[in-house]
Amino acid sequence: MTPFSDISGHCLCGAVSLAAQVKNHDVDACHCSMCRRWTSGPFLALSVDDSIRFEGVENIGVYKSSEWGERAFCTICGTTLYWRMSGTDHYGISAGMLDDSSELVLATEIFVDEKPAYYAFANETKKMTGEEVVAAFAAADNESDVQDV
Ligand SMILES: [Zn+2]
Ligand SMILES: [Zn+2]
């Protein structure tokens, strides 16, 4: 098993592109109401850290959606780019942007307690409630007052 693989992706219009190195190809699906309002579906994302590099940064718009999270989009075509934990190098980049999705695996579903009834994934996944996610983030981040993503 190779420790890292290179991934790349771009938005719908091509004004923003990214490259990064990932340890795995695990995709998380977030069912929270904010992600669903933002993307019209669960937000499917890969975790990426400070290896991420962008081209076309002048076309990246950032919306700070909560005290600890920000959501980025292409200011030209509106493509969802990433969710980032504010002030950190922890990114969840949109799986839909990737140039090659052949190795992606849907691994985890989060905020399953906010998932509406009208859809469901058939994939075998690890499932976490919002409370469990916040507890995991808080433990990692040493913060206790996080509530919304
Ligand atoms: Zn674009
Ligand atoms: Zn979410």
Using a Förster distance of 25 Å, the FRET efficiency for Lys64-Ala117 (Cβ separation, nearest 0.05)
0.25
Which FRET efficiency value, to the nearest 0.05, do you get for Ala19 and Lys126 by plugging their Cβ-Cβ distance into 1/(1 + (r/R0)^6) with R0 = 30 Å?
0.60
Would you mind telling me which residue in Trp83, Trp68, Trp38 has the biggest mean-square fluctuation in a Gaussian network model of the chain, where springs connect alpha carbons within a distance under 10 angstrom?
Trp38
Zone of Asp49 (label point 7 Å along Cα→Cβ, backbone N under 18 Å): which residues in the stretch 93-112?
93
HN-Hα J in Hz across the stretch 63-68 - Karplus 6.51, -1.76, 1.60, θ = phi - 60°, x for Gly and Pro:
10, 7, 8, 7, 4, 10
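Read-outs: derived from the displayed coordinates by stated rules, not from any lab. What you see is a predicted model, and the numbers here were worked out from it, not measured in a lab. All Cβ positions, glycine included, derive from the backbone under ideal geometry; neighbour counts span all protein chains shown.
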